[in-house]
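Peer 1: Below is the structure I would like to discuss, written out as structure tokens.
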Amino acid sequence: MRVLLVHPPEGHVGVPPEAERTQILPEDPGAWDLLCLARFLLGRTRHQPLPVNLRGRTPDEAGLRMALRDAGPAEVAVIRADPAWLPSAARVRRALREDRPDLPLVLIGPHPTWFPEEALALDGGVAFAVAGDPELVLRPLLDHWGNPKRVHHIPGLQGEGFRSPAVWTSDPSELSLPSAPDMRFLGHPHDVAPALRLTRGPAAQGADPFAPDGPRPPLNWPVAQVAARMAGGSGLGLSGMHVADPPGHWTPATLAAWTDALGRADNRLPWQVALRPFEVSTSQIEDLKLTHCHRVVFAMDRPGPEPAPEWRKWLPVWSRSLAEHGIDAVLRIRVGGPAAAVDEQVAAILGLAALAPECRLSVVPLPFSFTCPYLADTREDLLRTWGDWMRAPLDTPFPGPPWGWNDAAAKKIIAGVARHRGGRHRLLRRIRGLPGALRSTVAATARPGRR
């Protein structure tokens, strides 16, 4: 069968497209997951994948339809759907229904895994919803297409009148990595680096209740193989790559293994990574530079009153060493959420920034995720609130997340940080305009101790 595989365009709930294109830290490895699926179908089944990456490429409905038509004729369409990107998946579903009304549609990804009933009803209905790793479900589905007796008993498949729990694997040998030439599929027309991952699933997410999570066990791809794929992207027009594993994935050992693999692959493609500070040596920073790492993002959500010991100890070390080696360092803090204490958060952010004056500071609202542990115990309430929207996201107003999209607390925190830092910068500009001796005296008495 010819299988259309679609990664929807940008459209995170509540985030304007122009904001998505300018984020320091892209966090959507969905195109990478779809590329792995395409390679699996091509190499391990008799079916022909037709991958279409619409991320950032379709500003209007005409462009969306043209991209789908250019993929060629297909016998089934598979759309990746994330609850937070649901309107985009619905746009693809509607365009295919209007252009190819007889084409069966299958949903894969976090949305059908978490919300199979709503997925099957998306924008008038789809044929099947896949819960879990799509490779394990799509192969038997496509092999037995048209045979209801076999299809209705496939683990992980949801359809009219039958349901099945999600299926997962933690064995990478059961799946497939893309080949180096496949990496062209990840190309992004804007200044956001495409993303890949060394893991699949909630690897080392930690206890953050707002981190995207799920029931799957973590899976680790062979590091050397992923490094070889990324290194091959430099000759395919890619300008860079974001290694989008959760920050908690990275330790001294995992980072050393990754840079060693990139060195052996002779990688020349610029890349960036998000992590939390840990013990680091000058040689490790040199390895980052030698393997063409151009940015390290220190990612934190909702900082506490005092920095954790490892942040207090190692963030200044990282910050100084990255600056000395010409690697961009960013302190990215996400704020907001339920019961956010504005003054406490502002003070905590300013304190963190003071630890790492070489870092650029980026304070952004906490993004809303339907698939985070925070909502796991409120599933019934969530479905009552968002069930109608999930079924028709293009025709139903978005109810808003439980704490309010881009909530008032986040706006106050961001404004408070900007006000304090702006005042300090104005003071420094005035000091620089004073005569030398007076400038030194004023600087000594006015130094705020915070960046």
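Peer 1: Exactly one of (1) in contact with a Pro (Cβ under 7 Å, 6 or more places away or on another chain); (2) assigned to a helix (DSSP H, G or I); (3) surrounded by 18 or more Cβ atoms within 10 Å (Cβ to Cβ) is unmet by E310. Its number?
Peer 2: Of everything listed in (1) in contact with a Pro (Cβ under 7 Å, 6 or more places away or on another chain); (2) assigned to a helix (DSSP H, G or I); (3) surrounded by 18 or more Cβ atoms within 10 Å (Cβ to Cβ), E310 misses just condition (3).
Peer 1: Moving on. Specify which of the listed residues (L142, L177) is modelled with pLDDT of 90 or more and closer than 29 Å to L269 by Cα.
Peer 2: Criteria check complete, one pass: L177.
Peer 1: Okay, moving on. State whether one or more residues within the range 390-413 are modelled with pLDDT of 75 or more, assigned by TED's automatic domain parsing to the domain that holds S319 and in contact with a strand residue (DSSP E or B) (Cβ under 6 Å, 6 or more places away or on another chain).
Peer 2: So far as the range 390-413 goes, yes, one or more of its residues are modelled with pLDDT of 75 or more, assigned by TED's automatic domain parsing to the domain that holds S319 and in contact with a strand residue (DSSP E or B) (Cβ under 6 Å, 6 or more places away or on another chain).
Peer 1: Here are some residues: L103, L141, L136, L86. Which one is of a type outside the set (V, I, T), more than 19 Å from R55 (Cα to Cα) and under 26 Å from the mean Cα position of the chain (by Cα)?
Peer 2: L136
Peer 1: Quick one: would you say S176 is small (G, A, S), assigned to a loop (DSSP other than H, G, I, E, B) and touching a strand residue (DSSP E or B) at 6+ places or on another chain (Cβ under 8 Å)?
Peer 2: No; evaluated as a whole, the condition is false for this residue.
Peer 1: Determine whether the range 358-368 contains at least one residue that is assigned to a loop (DSSP other than H, G, I, E, B), free of Cβ contacts under 8 Å to residues at least 60 places away in the same chain and surrounded by fewer than 21 Cβ atoms within 10 Å (Cβ to Cβ).
Peer 2: Checked the range 358-368: at least one residue is assigned to a loop (DSSP other than H, G, I, E, B), free of Cβ contacts under 8 Å to residues at least 60 places away in the same chain and surrounded by fewer than 21 Cβ atoms within 10 Å (Cβ to Cβ).
Peer 1: Restricting attention to the range 70-86, and to residues there that are touching a helix residue (DSSP H, G or I) at 6+ places or on another chain (Cβ under 7 Å) and of a type in the set (D, E, K, R), which single residue is farthest from G387 (Cα to Cα)?
Peer 2: Checking each candidate, the answer is R80.
Peer 1: Right, here's the next one. Pick from the range 217-233 the residues that are surrounded by fewer than 19 Cβ atoms within 10 Å (Cβ to Cβ) and either of a type in the set (V, I, T) or modelled with pLDDT under 90 (or both): which of them is nearest to H249 (Cα to Cα)?
Peer 2: Restricting to residues being surrounded by fewer than 19 Cβ atoms within 10 Å (Cβ to Cβ) and either of a type in the set (V, I, T) or modelled with pLDDT under 90 (or both), the top hit is P218.
The values are calculated or read from the model by the stated rules, or taken from the named source; none is laboratory data. As the structure is a prediction and not an experimental result, all values here were calculated from the model. Cβ atoms come from the backbone with ideal geometry, glycine included; neighbour counts cover every protein chain shown.
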